[in-house]
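Shown next, in structure tokens, is the structure this report addresses.
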Amino acid sequence: MQISQIYGSVPAVPGITVSKSEAAPEPETRRLRGSSQLNRWSRARALRSGRKLDRPTTRTLEPNRNPTVSLSPRETERETTNRLSLYPDSKAAVVEEEGVDDVGFTVAKSIYMVSDGTGWTVEHLVSAALGQFDYCFVDRGCPVNTHLFSGIDDAEKLLAIIKQAVKEGAMLVYTLADPSMAASAKQACNLWGVPSTDVLSPITEDIASHLGVSPSGLPRGASGRNVPLSDEYFHRIEAVEFTIKQDDGASPQNLANADIVLTGVSRTGKTPLSIYLAQKGYKVANVPIVMGIDMPRTLFEVNPEKVFGLTINPAVLQNIREARARTLGLISAERGNYSDMDHVREELEFAARLFAENPVWPVIDVTGKAIEETAAIVLRLYHDRKHKCTMPTISKRY
């Protein structure tokens, strides 16, 4: 069923009319709530900037009240919250002049993510885009709520979500493989004034034009889409099985069969990085560097271009190891020198000497990097070498 069959259309869209019962719902009035913690942060920033907060003044638009009221900071916070509850119709119900920052009254905006499949694509795209606004989220200057609606495969469900988006003033981001569903979503959003972005149709249309064939229009996993298991699928399964068996230096005799070999001291993220790369189809082995224990001979016999060293900031490593010891419930006596700073530095220096003796191994500093970021560096260097691309530098910390 098409959305046009459910709610019709409007004169702006030829041949469509909307009945009053199907008209867009009125946006709900949302209460603006002050946050005492955010207000404290605001006052602290104001103090650092030299602003006076002895007697903050708040001007309100409340009728029949004196427009200026002098209150103490505690009274200001309590009075402002009370007035916002009484007059929630407009964010301008409180106009702050001194002492209280507007950030304390910012309402979280919603982003609706709609997919006819698992929602993995739209969720990660929105997450990547929101990463560009981290500076804003730190001070809660632009709070955002995200909601994922997956498996939306009929127009009625889609229409209900768009109606809810109207009520909440939400933005709609969608990946709908069925062209008619995507067109219906666009039509409804335009009709009801919902900001929206179709992140799948444009790239699908461009690829179809480039290949000269039409897309199936079916979401991944749809019943009508019988895709046989490919060689790539079985290759990924084999890579994951290999990587699990080669974890933490196990079966060093098989290092020659690995596509990538990771080495580094304990808690540098070798195992999670290995599993992440394995899910992409790479056979990965990881070998720990431990002082007093000889490294496996096969590590130095394999092609050095497939070996990658991992290092990390000593202070960060110490914190990670202390957290790990607490998780395991180890008391101080049982921890030994595992998380001792002098021992941590000594281990990292030992690893650095090993890396220096093998200059072909790239050394990646994982401090502050997500698994995906480190994996991207590993794969870039791996494919550069595999395709004989010129390396800008060797044995540099990436």
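The values are calculated or read from the model by the stated rules, or taken from the named source; none is laboratory data. All of these numbers come straight from a predicted model, not from anything done at the bench. So basically every Cβ, Gly included, is an ideal-geometry build from the backbone, and we count neighbours across all protein chains shown.
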* Positions within the stretch 164-206 being of a type in the set (Asp, Glu) and free of Cβ contacts under 8 Å to residues at least 12 places away in the same chain, in sequence order -> 205, 206
* To do: Give the residues of the stretch 245-259 that are surrounded by 14 or more Cβ atoms within 10 Å (Cβ to Cβ), assigned to a helix (DSSP H, G or I) and either outside the structural domain of residue 283 (by TED's automatic domain parsing) or hydrophobic (A, V, I, L, M, F, W, C) (or both), sorted by residue number.
  => 255
* **Residue identified as within 25 Å of the chain's Cα centre (by Cα) and assigned to a helix (DSSP H, G or I) among 152, 203** => 203
* To do: Report, by residue number, each residue of the stretch 355-374 that is crowded, with 19+ Cβ neighbours inside 10 Å and of a type in the set (A, V, I, L, M).
  => 363, 364, 366
* So which of 271, 311 ends up being of a type in the set (Val, Ile, Thr), modelled with pLDDT of 95 or more and under 26 Å from residue 235 (Cβ atoms)? -> 271
* Asked: Given the conditions (1) surrounded by 14 or more Cβ atoms within 10 Å (Cβ to Cβ); (2) assigned to a helix (DSSP H, G or I); (3) not polar (S, T, N, Q), which single one is not true for residue 137?
  -> (1)
* Of residues in the stretch 163-200 being outside any strand (DSSP E or B) and β-branched (Val, Ile, Thr), the one surrounded by the fewest Cβ atoms within 10 Å (Cβ to Cβ) -> 199
